[in-house]
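Here the structure comes first, spelled out in C-alpha cells, and everything after it is commentary.
The values are calculated or read from the model by the stated rules, or taken from the named source; none is laboratory data. Remember, predicted model here, so these are calculated numbers, not experimental data. Backbone-built Cβ (ideal geometry, glycine too); neighbour counts: all protein chains shown. Note: accessible area is taken over every heavy atom of the protein model, side chains too, but ligands, DNA and RNA are not part of it. Shrake-Rupley method; radii C 1.70, N 1.55, O 1.52, S 1.80 Å.
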Amino acid sequence: MSTKKTLFDKVWDSHVVKHVEDGPDVLFIDRHLVHEVTSPVAFLGIKNRKSGVLFPNKTFATADHNTPTINQHLPVADPLSANQLKALEENAKEHGISHWGLGHEKNGIVHVVGPEYGITQPGATIVCGDSHTSTHGAFGAIAFGIGTSEVEMVLSTQCIMQPKPKKMRINVEGELNFGVTPKDVALYIISQLTTSGATGYFVEYAGDVFENMTMEGRMTVCNLSIEMGARGGMIAPDEKTFEYVKGREFTPTGAAWDKAMAYWKTLKTDEGAEFDKELTFSASDIEPMITYGTNPGMGMGISKSIPNAEDLEGGVATYKKSLGYMAFNEGEDMIGKPIDFVFIGSCTNGRIEDFRAFTSIVKGRKKADNVTAWLVPGSHKVESAIKEEGLLDILTEAGFELREPGCSACLAMNDDKVPAGKLAVSTSNRNFEGRQGPGSRTLLASPLVAAAAAVTGKVTDPRELMKELA
Amino acid sequence: MAYDKFEILNSTAVPLPIENVDTDQIIPARFLKATERKGFGDNLFRDWRYNGDNTPKSDFVLNNPTYSGKILVGGKNFGSGSSREHAAWAVYDYGFRCVISSFFADIFKGNCLNIGVLPVQVSPEFAAKVFAAIEADPNTEISVNLPEQTVTIVKTGEKESFDINGYKKQNMLNGFDDIDYLNNIKSEISEFAKELPL
C-alpha cells in the first residue's frame, strides 16, 4: 500500500480514535459548531442519557437560522422561533458552551463567524448540524454537516462514527474570464457533475483557479460541495490561509502558533498520492452562471438557453416537473426574464467581498422599481465592514437597504419569505421547490449577477454593466 | 434514543418515483422549529401533500388511499440537500420503517440508520421492477429481510440483495445506536484527545 497520502487522508487519519471492525471509524472532532435548529433534540438526548458534555470548550453556539433580519433589538415575534432561540441559550449556559446569540456583537451565520474569529483552522475536523459546514474546508480542514443524532454524539463524546469517504480531486486550470466569480466556478462544476455526482466522496479542489482565489472565494466554493452530493470539499492551506487565520481571537499565538504553523505546512497532498476519481476543468470554459431548475445542478452559462429534456441524462419526467414548477420552457433564454426579488446573503455569499462585488455594479445606478431586494450580511462583522468601507452609502444612494445578519431568505425559516410564484435571483445555495418560501422560484447566481438583476429588474449578463471596469 | 429492532419487514409500499427528492421537500424548513422530536410526520412532504389553504392535494400519493404501508420507494438520489435529521424523523414518525431507492444522498442515509429507518439501496433495474409491481397491484407485498440482506417482491419472488456494513446491521437488529457505542468508550476518547497533533 502506498504511503503517499492526500490532504484528506492526513487530516482524517490523524483523527481516527479507532476503526470498528466491518464498520465505521470513530472520528475525533476538534470544533463543533451549533445553531438553534438542529441542536435542541441533541441536548434533550444528553439530558435523557445523563451523559453531559465531554469538552464544552470545543463547541461554539450561534443563533442564525431562525433569527429576524430587522429589529433584532426587539423580542422575537414568532413564539416557536423565540422558544428555539431560548432553548439554545439555556442549553449553552447549562453546559458551559460559548453562545453568540441574537444581539451579541459576534453573532452571525455559523459558517461566517467560525472563520472570522479563528475557530476554523487548518487540519481541524469541524462538524455542525448543517450541510454547508463544508465551507470551512477552505482552510484545509475536514468539515461537513451531520444529523442531530451526531450532534448528540459530539456533545457527549466529541466523536462521530463514519466510514471514511472516497476521495476525489477536482482541478480547474487556467485563468478565469472577466466577470466570473468563485460562485460561478462552483455552479459550473455542479452543473457538470449533477447534484449527486460526488455522493460518497470527499473533494479536494486544486489547480490554478483555487490557488489564485481569495480565502472568501475558497469558502464559497467549498460551501457548495454538498450541492453535488459530496460530504465536503477542501483546499490545501497556503500563505494566504495562514495570513487570514493569523491574529484572530481563537488562533494560537506565540509558541503555539509556531507549532501550529509547522504542522499546517505539512497539510498538502503528497506527489503521487491516489484519488478514487480525478476531474479537470478549464477555467476558460466558465462564464457567469445561473440556474433554471429546482436543484443546484440545473445551472448553465447565463448566455445559454434552457436545455431540452432529451439532451440530458436522467429522468425526463423529473426534469419536466422541475421546469413546470419554475414555469419555464425548454429552449428559452434566461436573459431578459423579469424578476421580483433579489437576495444577497447566506453562508455561500454573505461576506464582505460579496457585498463589494454587488456594490461595484450598483454604484451610480438605481434599484429597479419592480424588485424587492434583501441585502443580508453574514455577520455583524460583515455588517460593520459594509458601513466602514462606505458601501452602505453607495447602496443607500441606489435605493437599497441593509438588513441585520442571519440565514434569512436562504431557507426562509424567519419572515424573509419570497411569496408564491415570485421569481428571485439569490446568491444562496439552493433552488429547491419552496426553499425560499412556499411556491417561491429561485435562480441561483453570483453577487454580480444578482446586482445586475437588481438594477435592471430582469436577468441580465453582469458583463454588460461592467464594461467600463474591463 | 435507541429505536425499535429491525429484522424482517413485510409490507405494502408507497411509490414516489421522483428523482432528487431533497430534504426540503421531505420537510420544509418552516416546520423545523420544534425543540422536541414530536409530530414531524404530520408535515412529511408538506408542500406536495397540502395546498396553501391546508386542504390535501388529491394527486399526491400520500393522499391516495390506494397506497399505504411501512415502506417508501423513492426515485434516484433520495434525500439530497440539507442535513436536517428532521427529514428522517418525519419519515419514521409518519410510519415508514424502510426506504428503498436506487441511490441515496449521503447524510440522509446516515441519519436514517441512526434513528432506525432502514435505507435499502437497490439497482436501478430492481427499483423499476418494484415501481412496476406496485403500479400493477398496490397491495403487492415487499419483504425486506435484514439478517439475509435481501429485498423481495413477494408475488413474483424477484429478489435482490443489498449492502449494509456489519456494525450498522448489528445495531439495527438490536436497536442499538452509535451514541450507546461512543458513550462506552469515553475514556479511550479522552486518552486519544491528549495525543492530537495540536
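Under 5 Å from the amide H of A:ILE146 lie the amide H atoms of A:CYS128, A:GLY129, A:ASP130, each residue being 5 or more positions distant or on a separate chain, with H modelled from the backbone and absent for Pro and chain starts. Exposed loop sites were defined as chymotrypsin sites (Phe, Trp or Tyr not before Pro) in DSSP loop states (anything but H, G, I, E or B) carrying at most 16 other C-beta atoms within 10 Å; in chain A the longest segment without such a site runs A:251-470. Note on the stretch B:9-163: dipole from Cβ charges, positive end direction compared against B:VAL151, B:ALA29, B:SER83; the farthest Cα belongs to B:ALA29. Taking square-rooted eigenvalues a ≥ b ≥ c of the alpha carbon gyration tensor, is the stretch B:1-110 rounded, prolate or oblate, where a/c under 1.5 means rounded and, failing that, a/b exceeding b/c means prolate? Note, shape of the stretch B:1-110 comes out rounded. Ellipsoid semi-axes for the stretch A:320-470, based on the Cα gyration tensor and the rule √(5λ), read 24, 19, 12 Å when sorted largest first. I'd like the accessible area for A:GLU89, computed on protein heavy atoms only with a 1.4 Å probe and all protein chains in place. Round to 10 Å², please. Using a 1.4 Å probe on the heavy atoms, I get roughly 100 Å².
Axis of helix B:124-136 versus longest Cα principal axis of chain B: the two differ by about 40°, to the nearest ten degrees.
Relative contact order, whole percent, for chain B stands at 26, derived from Cα pairs under 8 Å and 6 or more residues apart. Of A:ALA327, A:HIS111, A:ILE170, which is farthest on the positive side of the dipole of the protein assembly as shown, counting Cα position, with +1 on Lys and Arg Cβ, -1 on Asp and Glu Cβ, and the Cα centre as origin? Checked the options; the winner is A:HIS111.
Of all DSSP-defined beta bridges confined to the protein assembly as shown, some 35% are antiparallel rather than parallel.
As a length-normalised measure over Cα pairs under 8 Å and 6 or more apart, the relative contact order of the stretch B:23-83 settles at 36 percent.
From the square roots a ≥ b ≥ c of the eigenvalues of the alpha-carbon gyration tensor of the stretch A:42-164, which class results: rounded (a/c under 1.5), prolate (a/b over b/c), or oblate? Can you show the working numbers first?
On the way: a/c = 1.91, a/b = 1.22, b/c = 1.56.
Since a/c reaches 1.5 but b/c is at least a/b, the shape of the stretch A:42-164 is classed as oblate.
Taking the Cα centre of chain B as origin and assigning +1 to Lys and Arg Cβ atoms and -1 to Asp and Glu Cβ atoms, the resulting dipole is close to 300 debye.
The heavy atoms of B:VAL120 offer some 0 square angstrom of accessible surface to a 1.4 angstrom probe. Ligands, DNA and RNA excluded, the heavy atoms of A:THR396 present near 80 Å² of accessible surface to a 1.4 Å solvent probe. Apply the Debye scattering formula to the stretch A:292-362, with a single equal point scatterer on each alpha-carbon and no solvent, then give log10 I(q)/I(0) at q = 0.16, 0.27 Å⁻¹. Here log10 of I(q) over I(0) equals -0.72, -1.26. Using the alpha carbons alone, the radius of gyration of the stretch A:413-470 stands to its Kirkwood radius in an Rg to Rh ratio of 1.05. Note on the stretch B:1-80: with charges restricted to the Cβ of Lys and Arg (+1) and Asp and Glu (-1), its dipole about the Cα centre is near 160 debye. Both radii are taken from the alpha-carbon atoms of the stretch A:99-145; with Rh as the Kirkwood radius, Rg/Rh is 0.98.
Only one residue of A:PHE242, A:TYR292, A:THR280 has its Cα farthest out toward the positive end of the dipole of the stretch A:198-353, where Lys and Arg carry +1 and Asp and Glu -1 on Cβ, and that residue is A:PHE242. A simple charge model with +1 on the Cβ of Lys and Arg, -1 on the Cβ of Asp and Glu and nothing else charged puts the dipole of chain A at about 720 debye relative to its Cα centre.
Structural descriptor for the stretch A:143-297: relative contact order 37 percent, calculated from alpha carbon pairs under 8 angstrom and at least 6 residues apart.
Once you reduce the stretch B:93-132 and the stretch A:74-147 to the center of their Cα atoms, the two points are 30 Å from each other. The mean number of partner chain beta-carbon atoms within 10 angstrom of a residue's beta-carbon across peptide A:153-161 is 6.
The trypsin sites (Lys or Arg not before Pro) of the stretch B:163-198 that meet both conditions, a loop assignment by DSSP and at most 15 other Cβ atoms within 10 Å of the site Cβ, are B:LYS194.
Where only DSSP H runs of four or more residues are counted, chain A gives -9000 deg cm²/dmol as its mean residue ellipticity at 222 nm, each run worth -39500 (n - 2.57). For the residue pairs A:LYS337/A:LYS381; A:LYS106/A:LYS422; A:LYS164/A:LYS268; A:LYS10/A:LYS167; A:LYS18/A:LYS246; A:LYS381/B:LYS194, the alpha carbons lie more than 24 Å apart in A:LYS337/A:LYS381; A:LYS106/A:LYS422; A:LYS18/A:LYS246; A:LYS381/B:LYS194. For the segment A:20-27, counting C-beta atoms of other chains within 10 Å of every residue's C-beta and taking the mean gives 5. Across all directions, the average flat footprint of the convex hull enclosing the Cα atoms of chain B is 13.1 nm². Across peptide B:179-192, the mean count of Cβ atoms from other chains lying within 10 Å of each residue's own Cβ comes to 6.
Among the GluC sites (Glu not before Pro) in the stretch A:385-434, those located in a DSSP loop and surrounded by at most 15 other Cβ atoms within 10 Å of their own Cβ are A:GLU389, A:GLU401. Overall shape: rounded for the protein assembly as shown, with the ratio a/c of the largest to smallest alpha carbon gyration tensor axis below 1.5.
These residues, B:GLU158, A:GLU36, B:GLU148, A:GLU105, go from largest to smallest accessible area, 1.4 Å probe, as A:GLU105, B:GLU148, B:GLU158, A:GLU36.
Cα convex hull of the stretch A:388-441: mean projected area in nm², to one decimal?
Result: 4.4 nm².
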